[in-house]
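Heads up, the thing below is written out as structure tokens.
The values are calculated or read from the model by the stated rules, or taken from the named source; none is laboratory data. Worth saying up front: this structure is predicted, and the values here are computed from it rather than measured. All Cβ positions, even for glycine, are placed from backbone atoms using ideal geometry, and neighbour counts span all protein chains on display. Note: accessible area is taken over every heavy atom of the protein model, side chains too, but ligands, DNA and RNA are not part of it. Shrake-Rupley method; radii C 1.70, N 1.55, O 1.52, S 1.80 Å.
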Amino acid sequence: MARLLAPAIAALVGACAATPEARLAAAREADEPPPDFSIALTIPTVPDPNVKPGRYILQPDWVLRVTPGAAVAETTYPALTRQLTHAQAERVWWDVRDSVLLEPDHPGRVGAYVPVPAEDGTIKPMVLVSYTAAGVRRTYVLDPAALSAEDRAVLKRLALRLSALAWLDTP
């Protein structure tokens, strides 16, 4: 019996001892979303007419919460919009998994969001992306006026997928 349990115990101890980056790298290889996968996307404005501004939150239990419109902030907590299926949550995970957002040296990565004042004294609208996956939590602050082509493509793909899942594209 001990021989049978030894490999399983060793695997669990090894998994617990892995660094956060190693756990995230392992999750990135999997099609299945990590059990703690969640994402919050705040888009006050984006220079793309196909992307709808709003606050999108996908929780680890696959509950999608959405507040559409440009008058959203990081502190906006949307009402429950719908419960996603496994396949729908998996597609959102694939969008994140296959993007530049999992790169540890992404230039938009910050420890915490600090509002940026605009020249007129108001708060400059920034795109905020926060996710948790495999025990790693990351936050990105991106200037909509200065997005790289890669960031623009990732944000567009995520925003279009989440707005479609929230039925924002229906007439």
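Here are a few things to note about the model shown:
- For GluC sites (Glu not before Pro), the sites in the stretch 15-102 that DSSP calls loop and that have at most 14 other Cβ atoms within 10 Å are Glu29.
- Entry comment: accessible area of the chain is 54 Å² per residue, from protein heavy atoms only and a probe of 1.4 Å.
- A helix-only calculation puts the chain at -10000 deg cm²/dmol for mean residue ellipticity at 222 nm, using -39500 (n - 2.57) for each DSSP H run of at least four residues, averaged over all residues.
- Given +1 at the Cβ of Lys and Arg, -1 at the Cβ of Asp and Glu and no other charges, the dipole of the stretch 79-171 around its Cα centre is 320 debye to the nearest 20.
- Projected label points at Ala145 and Glu74, each 7 Å from Cα along the beta carbon direction, are separated by 2.0 nanometres.
- Net charge dipole, the chain: roughly 340 debye, given to the nearest 20, about the Cα centre with Cβ charges of +1 for Lys and Arg and -1 for Asp and Glu.
- Taking each residue as 0.36 nm, the span from Arg137 to Ala118 lengthens on full extension beyond its C-alpha to C-alpha distance by 4.1 nm.
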